[in-house]
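**Q** So that we are looking at the same thing, I have put the structure below in C-alpha coordinates.
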Amino acid sequence: MENITFNNPNLLYLLLLLIPLIAWYVWKQRDMDTSIRLSTLNGFRKAPRTYKWYLRHVPFALRTLAIAIFIVAIARPQSTDNWSSSTTEGIDIVVALDISGSMLAEDFKPNRLEAAKSDAIKFISGRPNDRIGLVVFAGESFTQCPLTTDHAVLINLINDVKSGMIEDGTALGVGLANAVSRLKESSAASKVVILMTDGVNNRGEIPPLTAADIAQALGIRVYTIGIGTQGQAPYPFTDAFGNKHYQNVDVEIDENVLSQIASQTDGRYFRATSNKRLQEVYEQIDKLEKSKIETKEYSKKNEQYLSLLLAGLALLAIELLMRNTILRTTN
(Lines give C-alpha, C1' and ligand atoms only; values in the text may rest on other atoms or scores of the structure.)
Protein backbone atom coordinates (compact mmCIF):
# COMPACT_ATOMS: atom_id res chain seq x y z
CA MET A 1 0.00 0.00 0.00
CA GLU A 2 1.11 3.51 -0.68
CA ASN A 3 2.03 5.58 2.36
CA ILE A 4 0.55 9.07 2.26
CA THR A 5 2.34 12.01 3.86
CA PHE A 6 1.73 15.75 3.62
CA ASN A 7 4.29 18.37 2.68
CA ASN A 8 2.30 21.09 4.51
CA PRO A 9 0.41 19.16 7.22
CA ASN A 10 -0.42 22.28 9.28
CA LEU A 11 -2.79 23.43 6.54
CA LEU A 12 -5.09 20.53 7.41
CA TYR A 13 -6.23 22.54 10.44
CA LEU A 14 -8.21 24.63 7.96
CA LEU A 15 -10.68 21.73 7.85
CA LEU A 16 -11.91 22.96 11.24
CA LEU A 17 -13.41 25.96 9.43
CA LEU A 18 -16.01 23.61 7.96
CA ILE A 19 -17.62 23.23 11.39
CA PRO A 20 -18.89 26.84 11.65
CA LEU A 21 -19.80 26.71 7.94
CA ILE A 22 -22.06 23.71 8.50
CA ALA A 23 -23.51 25.26 11.66
CA TRP A 24 -24.31 28.46 9.74
CA TYR A 25 -26.06 26.45 7.01
CA VAL A 26 -28.21 24.58 9.53
CA TRP A 27 -29.17 27.85 11.24
CA LYS A 28 -30.00 29.46 7.91
CA GLN A 29 -32.32 26.59 6.99
CA ARG A 30 -34.40 27.31 10.06
CA ASP A 31 -34.88 30.93 9.00
CA MET A 32 -35.91 29.90 5.50
CA ASP A 33 -38.89 27.84 6.70
CA THR A 34 -42.30 29.52 6.22
CA SER A 35 -45.40 28.91 8.27
CA ILE A 36 -49.15 28.94 7.49
CA ARG A 37 -51.82 28.65 10.15
CA LEU A 38 -54.36 25.96 9.33
CA SER A 39 -57.10 24.37 11.38
CA THR A 40 -55.95 20.87 10.46
CA LEU A 41 -53.04 19.19 8.54
CA ASN A 42 -54.94 16.03 7.70
CA GLY A 43 -55.28 17.06 4.08
CA PHE A 44 -51.48 17.35 3.66
CA ARG A 45 -50.35 14.20 5.41
CA LYS A 46 -50.61 12.08 2.28
CA ALA A 47 -49.19 14.69 -0.08
CA PRO A 48 -46.18 13.22 -1.95
CA ARG A 49 -42.72 14.77 -1.54
CA THR A 50 -40.97 15.64 -4.78
CA TYR A 51 -37.37 14.74 -5.65
CA LYS A 52 -36.43 18.37 -5.02
CA TRP A 53 -37.23 17.93 -1.35
CA TYR A 54 -34.85 14.99 -1.11
CA LEU A 55 -32.07 16.74 -3.08
CA ARG A 56 -32.34 20.16 -1.44
CA HIS A 57 -29.18 19.71 0.72
CA VAL A 58 -27.05 18.02 -1.95
CA PRO A 59 -25.56 21.25 -3.43
CA PHE A 60 -24.35 22.40 -0.02
CA ALA A 61 -22.90 18.94 0.69
CA LEU A 62 -21.10 18.99 -2.66
CA ARG A 63 -19.66 22.45 -2.02
CA THR A 64 -18.54 21.54 1.51
CA LEU A 65 -16.88 18.36 0.26
CA ALA A 66 -15.16 20.31 -2.53
CA ILE A 67 -13.76 22.84 -0.03
CA ALA A 68 -12.48 19.98 2.16
CA ILE A 69 -10.79 18.38 -0.86
CA PHE A 70 -9.15 21.71 -1.85
CA ILE A 71 -7.76 22.11 1.69
CA VAL A 72 -6.30 18.60 1.57
CA ALA A 73 -4.86 19.36 -1.88
CA ILE A 74 -3.01 22.52 -0.76
CA ALA A 75 -1.51 20.48 2.10
CA ARG A 76 0.24 18.61 -0.76
CA PRO A 77 -0.36 14.89 -0.14
CA GLN A 78 2.51 12.73 -1.36
CA SER A 79 2.57 8.97 -1.80
CA THR A 80 5.67 6.89 -1.15
CA ASP A 81 5.51 3.83 -3.31
CA ASN A 82 9.12 2.87 -3.93
CA TRP A 83 11.27 1.80 -1.00
CA SER A 84 14.87 0.68 -0.78
CA SER A 85 17.42 1.33 1.96
CA SER A 86 20.88 2.90 2.07
CA THR A 87 23.56 2.49 4.68
CA THR A 88 27.13 3.69 4.27
CA GLU A 89 30.20 2.27 5.93
CA GLY A 90 32.89 4.93 5.66
CA ILE A 91 36.58 4.95 6.39
CA ASP A 92 38.39 6.97 9.05
CA ILE A 93 41.35 8.79 7.54
CA VAL A 94 43.91 11.13 9.09
CA VAL A 95 46.17 13.19 6.83
CA ALA A 96 49.53 13.86 8.52
CA LEU A 97 51.09 16.83 6.72
CA ASP A 98 54.69 18.02 7.01
CA ILE A 99 54.75 21.84 7.32
CA SER A 100 58.47 22.27 7.91
CA GLY A 101 60.36 25.09 6.21
CA SER A 102 61.59 22.82 3.42
CA MET A 103 57.97 22.43 2.25
CA LEU A 104 58.31 25.96 0.80
CA ALA A 105 60.64 24.67 -1.92
CA GLU A 106 59.24 25.53 -5.34
CA ASP A 107 59.85 22.37 -7.33
CA PHE A 108 56.04 22.15 -7.03
CA LYS A 109 53.84 25.11 -7.97
CA PRO A 110 53.43 27.39 -6.15
CA ASN A 111 55.39 25.33 -3.57
CA ARG A 112 55.30 21.87 -2.01
CA LEU A 113 53.04 22.83 0.88
CA GLU A 114 50.39 24.58 -1.23
CA ALA A 115 50.41 21.75 -3.78
CA ALA A 116 49.98 19.19 -0.97
CA LYS A 117 47.09 21.20 0.51
CA SER A 118 45.38 21.59 -2.86
CA ASP A 119 45.48 17.88 -3.67
CA ALA A 120 44.45 16.95 -0.13
CA ILE A 121 41.34 19.13 -0.54
CA LYS A 122 40.47 17.44 -3.85
CA PHE A 123 40.88 14.04 -2.19
CA ILE A 124 38.64 15.02 0.74
CA SER A 125 35.97 16.49 -1.54
CA GLY A 126 35.69 13.16 -3.34
CA ARG A 127 35.02 11.18 -0.14
CA PRO A 128 31.83 12.65 1.41
CA ASN A 129 31.05 9.51 3.45
CA ASP A 130 34.35 9.30 5.33
CA ARG A 131 35.45 10.86 8.59
CA ILE A 132 38.70 12.67 7.90
CA GLY A 133 41.07 14.54 10.21
CA LEU A 134 44.26 16.58 9.83
CA VAL A 135 47.51 16.45 11.81
CA VAL A 136 50.40 18.80 11.02
CA PHE A 137 54.00 18.40 12.09
CA ALA A 138 57.39 20.03 11.81
CA GLY A 139 59.71 20.06 14.86
CA GLU A 140 56.61 19.06 16.88
CA SER A 141 53.05 18.07 16.02
CA PHE A 142 49.47 19.03 16.78
CA THR A 143 45.97 18.16 15.58
CA GLN A 144 44.63 20.81 13.23
CA CYS A 145 41.25 19.06 12.88
CA PRO A 146 39.93 15.90 14.60
CA LEU A 147 38.02 13.26 12.66
CA THR A 148 34.92 14.85 11.16
CA THR A 149 32.34 14.43 8.41
CA ASP A 150 32.01 18.23 8.20
CA HIS A 151 34.39 18.52 5.30
CA ALA A 152 33.68 22.22 4.76
CA VAL A 153 35.20 22.97 8.17
CA LEU A 154 38.09 20.61 7.50
CA ILE A 155 38.88 22.27 4.17
CA ASN A 156 38.85 25.72 5.80
CA LEU A 157 41.32 24.48 8.41
CA ILE A 158 43.57 23.04 5.70
CA ASN A 159 43.59 26.39 3.95
CA ASP A 160 44.71 28.02 7.21
CA VAL A 161 47.80 25.80 7.46
CA LYS A 162 51.10 27.65 6.95
CA SER A 163 54.74 26.84 7.38
CA GLY A 164 56.12 28.42 10.54
CA MET A 165 53.05 27.69 12.67
CA ILE A 166 55.23 25.53 14.91
CA GLU A 167 58.93 25.07 15.58
CA ASP A 168 60.86 24.01 12.51
CA GLY A 169 62.32 20.57 11.95
CA THR A 170 60.98 17.17 10.87
CA ALA A 171 59.57 15.11 13.75
CA LEU A 172 58.35 12.36 11.47
CA GLY A 173 57.79 9.81 14.26
CA VAL A 174 55.89 12.30 16.43
CA GLY A 175 53.67 13.34 13.50
CA LEU A 176 52.82 9.72 12.71
CA ALA A 177 52.22 8.87 16.38
CA ASN A 178 49.86 11.84 16.72
CA ALA A 179 47.91 10.74 13.64
CA VAL A 180 47.69 7.19 14.98
CA SER A 181 46.39 8.46 18.33
CA ARG A 182 43.51 10.22 16.48
CA LEU A 183 42.44 6.77 15.20
CA LYS A 184 43.05 4.82 18.39
CA GLU A 185 39.41 4.93 19.54
CA SER A 186 37.94 4.58 16.05
CA SER A 187 35.48 1.73 15.48
CA ALA A 188 35.65 2.04 11.68
CA ALA A 189 36.29 -1.13 9.69
CA SER A 190 39.18 0.60 7.91
CA LYS A 191 41.58 3.12 9.50
CA VAL A 192 44.12 4.95 7.38
CA VAL A 193 46.92 7.50 7.82
CA ILE A 194 48.28 9.41 4.81
CA LEU A 195 51.75 10.61 5.84
CA MET A 196 53.29 13.33 3.66
CA THR A 197 56.84 14.59 4.14
CA ASP A 198 59.78 15.95 2.17
CA GLY A 199 62.56 15.28 4.67
CA VAL A 200 64.36 13.02 7.12
CA ASN A 201 63.37 12.55 10.75
CA ASN A 202 65.59 14.87 12.82
CA ARG A 203 63.44 15.85 15.79
CA GLY A 204 61.15 14.28 18.37
CA GLU A 205 61.41 11.52 20.94
CA ILE A 206 59.46 8.89 18.97
CA PRO A 207 61.33 7.09 16.18
CA PRO A 208 59.26 6.70 12.98
CA LEU A 209 59.42 2.90 13.03
CA THR A 210 58.22 2.82 16.66
CA ALA A 211 55.20 4.86 15.59
CA ALA A 212 54.72 2.35 12.75
CA ASP A 213 54.71 -0.49 15.30
CA ILE A 214 51.89 1.24 17.18
CA ALA A 215 49.93 1.71 13.94
CA GLN A 216 50.39 -1.94 13.06
CA ALA A 217 49.18 -3.06 16.50
CA LEU A 218 46.04 -0.94 16.14
CA GLY A 219 45.28 -2.19 12.62
CA ILE A 220 45.97 1.19 11.03
CA ARG A 221 47.24 1.23 7.46
CA VAL A 222 49.75 3.97 6.59
CA TYR A 223 50.29 5.34 3.10
CA THR A 224 53.49 7.36 2.95
CA ILE A 225 54.25 10.03 0.35
CA GLY A 226 57.71 11.46 -0.25
CA ILE A 227 57.35 14.96 -1.75
CA GLY A 228 60.20 16.42 -3.81
CA THR A 229 62.03 16.18 -7.10
CA GLN A 230 65.11 14.08 -7.57
CA GLY A 231 68.41 15.91 -6.88
CA GLN A 232 67.95 19.59 -6.07
CA ALA A 233 65.02 21.99 -5.74
CA PRO A 234 64.77 25.82 -5.84
CA TYR A 235 64.24 27.28 -2.38
CA PRO A 236 63.28 30.95 -1.80
CA PHE A 237 65.41 33.19 0.43
CA THR A 238 64.80 36.80 1.43
CA ASP A 239 67.81 39.06 1.89
CA ALA A 240 68.19 41.93 4.37
CA PHE A 241 66.57 44.34 1.92
CA GLY A 242 63.46 42.18 1.49
CA ASN A 243 64.40 40.95 -1.96
CA LYS A 244 63.50 37.36 -2.85
CA HIS A 245 66.21 35.08 -4.19
CA TYR A 246 66.38 31.39 -5.02
CA GLN A 247 69.01 28.86 -4.15
CA ASN A 248 69.09 25.21 -5.15
CA VAL A 249 69.09 22.89 -2.14
CA ASP A 250 69.50 19.11 -1.98
CA VAL A 251 66.31 17.06 -1.73
CA GLU A 252 66.70 14.60 1.14
CA ILE A 253 63.87 12.15 1.67
CA ASP A 254 64.31 9.06 3.82
CA GLU A 255 62.65 6.74 1.34
CA ASN A 256 63.94 3.68 3.16
CA VAL A 257 62.09 4.59 6.38
CA LEU A 258 58.93 5.66 4.53
CA SER A 259 58.92 2.36 2.63
CA GLN A 260 59.36 0.39 5.86
CA ILE A 261 56.49 2.25 7.54
CA ALA A 262 54.18 1.51 4.61
CA SER A 263 55.25 -2.14 4.32
CA GLN A 264 54.95 -2.77 8.06
CA THR A 265 51.38 -1.42 8.21
CA ASP A 266 50.17 -3.04 4.95
CA GLY A 267 50.16 0.34 3.18
CA ARG A 268 52.17 1.65 0.24
CA TYR A 269 54.94 4.18 -0.33
CA PHE A 270 54.69 6.72 -3.16
CA ARG A 271 57.19 9.25 -4.44
CA ALA A 272 55.67 12.47 -5.79
CA THR A 273 58.11 14.50 -7.88
CA SER A 274 55.63 16.97 -9.43
CA ASN A 275 52.14 18.40 -9.04
CA LYS A 276 50.79 15.91 -11.56
CA ARG A 277 52.44 12.97 -9.84
CA LEU A 278 51.12 14.08 -6.43
CA GLN A 279 47.59 14.18 -7.84
CA GLU A 280 48.06 10.70 -9.29
CA VAL A 281 49.19 9.42 -5.89
CA TYR A 282 46.01 10.68 -4.25
CA GLU A 283 43.95 9.09 -7.03
CA GLN A 284 45.65 5.75 -6.40
CA ILE A 285 45.00 5.96 -2.66
CA ASP A 286 41.39 6.87 -3.40
CA LYS A 287 41.01 3.68 -5.46
CA LEU A 288 42.71 1.54 -2.82
CA GLU A 289 40.54 2.85 0.01
CA LYS A 290 36.98 2.89 -1.29
CA SER A 291 34.13 3.23 1.19
CA LYS A 292 31.74 0.30 1.41
CA ILE A 293 28.35 1.69 0.38
CA GLU A 294 25.35 -0.60 0.57
CA THR A 295 21.99 0.60 -0.75
CA LYS A 296 19.31 -0.22 1.76
CA GLU A 297 16.67 2.46 1.75
CA TYR A 298 15.39 4.91 -0.78
CA SER A 299 11.94 6.43 -1.11
CA LYS A 300 10.33 7.97 -4.15
CA LYS A 301 7.56 10.50 -3.51
CA ASN A 302 4.75 11.22 -5.95
CA GLU A 303 2.57 14.33 -5.72
CA GLN A 304 -1.14 13.52 -5.35
CA TYR A 305 -2.70 16.98 -5.16
CA LEU A 306 -3.59 17.22 -8.86
CA SER A 307 -6.17 14.42 -8.75
CA LEU A 308 -7.73 16.02 -5.66
CA LEU A 309 -8.00 19.40 -7.37
CA LEU A 310 -9.74 17.79 -10.34
CA ALA A 311 -12.13 15.96 -8.02
CA GLY A 312 -12.95 19.22 -6.19
CA LEU A 313 -13.61 21.04 -9.46
CA ALA A 314 -15.84 18.19 -10.61
CA LEU A 315 -17.93 18.46 -7.42
CA LEU A 316 -18.33 22.23 -7.90
CA ALA A 317 -19.39 21.65 -11.51
CA ILE A 318 -22.03 19.13 -10.40
CA GLU A 319 -23.30 21.57 -7.76
CA LEU A 320 -23.54 24.38 -10.30
CA LEU A 321 -25.32 22.11 -12.76
CA MET A 322 -27.89 21.01 -10.16
CA ARG A 323 -28.61 24.56 -9.03
CA ASN A 324 -29.26 25.67 -12.61
CA THR A 325 -31.29 22.67 -13.75
CA ILE A 326 -33.28 20.32 -11.53
CA LEU A 327 -33.05 22.52 -8.40
CA ARG A 328 -33.52 25.83 -10.15
CA THR A 329 -35.92 28.15 -8.41
CA THR A 330 -37.88 31.08 -9.83
CA ASN A 331 -38.35 34.35 -7.99
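**Q** Give the number of residues within the range 169-182 that are closer than 21 Å to residue 218 by Cβ and either in contact (Cβ under 8 Å) with a residue 40 or more places away in the chain or open to solvent by less than 10 Å² (accessible area, probe 1.4 Å) (or both).
**A** The qualifying residues number 9.
**Q** Moving on to the next point. What pairs come out if I take residues in the range 310-330 that are within 23 Å of residue 69 (Cα to Cα) and part of a helix (DSSP H, G or I) and pair them with residues that are among the basic types (Lys, Arg) and open to solvent by 70 Å² or more (accessible area, probe 1.4 Å) whose C-beta lies under 6 Å away, six or more apart or interchain?
**A** These pairs meet every condition: 319/63.
**Q** Taking the range 244-270 as the region of interest, how many residues are open to solvent by 40 Å² or more (accessible area, probe 1.4 Å), in contact with a strand residue (DSSP E or B) (Cβ under 9 Å, 6 or more places away or on another chain) and either more than 25 Å from residue 218 (Cα to Cα) or modelled with pLDDT under 90 (or both)?
**A** Total meeting the criteria: 7.
**Q** Continuing with the same structure: Condition test on residue 65, is it open to solvent by 50 Å² or more (accessible area, probe 1.4 Å), over 31 Å from the mean Cα position of the chain (by Cα) and over 30 Å from residue 310 (Cβ atoms)?
**A** No.
Here is a yes/no grid of residues against (1) open to solvent by 10 Å² or more (accessible area, probe 1.4 Å); (2) under 19 Å from residue 272 (Cα atoms):
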{"residue": "108", "(1), (2)": "no, yes"}
{"residue": "113", "(1), (2)": "no, yes"}
{"residue": "118", "(1), (2)": "yes, yes"}
{"residue": "122", "(1), (2)": "yes, yes"}
{"residue": "129", "(1), (2)": "yes, no"}
{"residue": "135", "(1), (2)": "no, no"}
{"residue": "148", "(1), (2)": "yes, no"}
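**Q** Within the range 140-147, can one find any residue that is part of a loop (DSSP other than H, G, I, E, B), within 24 Å of residue 122 (Cβ to Cβ), over 30 Å from the mean Cα position of the chain (by Cα) and not small (Gly, Ala, Ser)?
**A** The answer is no, given that none of the residues of the range 140-147 is part of a loop (DSSP other than H, G, I, E, B), within 24 Å of residue 122 (Cβ to Cβ), over 30 Å from the mean Cα position of the chain (by Cα) and not small (Gly, Ala, Ser).
**Q** Among the residues of the range 302-324, write down those that are among the aliphatic types (A, V, I, L, M), open to solvent by 90 Å² or more (accessible area, probe 1.4 Å) and farther than 17 Å from residue 74 by Cα.
**A** 320, 321
**Q** Please verify whether residue 198 is touching a strand residue (DSSP E or B) at 6+ places or on another chain (Cβ under 6 Å), on the phi < 0 side of the Ramachandran plot and surrounded by 15 or more Cβ atoms within 10 Å (Cβ to Cβ), treating the condition exactly as stated.
**A** yes
**Q** All but one of (1) within 34 Å of the chain's Cα centre (by Cα); (2) free of Cβ contacts under 8 Å to residues at least 12 places away in the same chain hold for residue 245; which doesn't?
**A** (1)
**Q** So which residues in the range 159-168 are under 14 Å from residue 104 (Cβ atoms) and open to solvent by less than 60 Å² (accessible area, probe 1.4 Å), if there are any at all?
**A** Hits for the range 159-168 are 161, 163.
**Q** Within the range 21-47, how many residues are over 21 Å from residue 73 (Cβ atoms) and at pLDDT 80 or above?
**A** Residues that pass the stated criteria total 6.
For (1) at pLDDT 95 or above; (2) in a loop (DSSP other than H, G, I, E, B); (3) open to solvent by 60 Å² or more (accessible area, probe 1.4 Å), each residue gets a yes or a no:
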{"residue": "187", "(1), (2), (3)": "no, yes, yes"}
{"residue": "202", "(1), (2), (3)": "no, yes, yes"}
{"residue": "205", "(1), (2), (3)": "no, yes, yes"}
{"residue": "211", "(1), (2), (3)": "yes, no, no"}
{"residue": "214", "(1), (2), (3)": "yes, no, yes"}
{"residue": "222", "(1), (2), (3)": "yes, no, no"}
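The values are calculated or read from the model by the stated rules, or taken from the named source; none is laboratory data. Bear in mind that the values here come from a model prediction, so they are computed numbers and not experimental data. Backbone-built Cβ (ideal geometry, glycine too); neighbour counts: all protein chains shown. Surface areas here come from the heavy atoms of the whole protein model, side chains and all, with no ligands, DNA or RNA. Shrake-Rupley method; radii C 1.70, N 1.55, O 1.52, S 1.80 Å.
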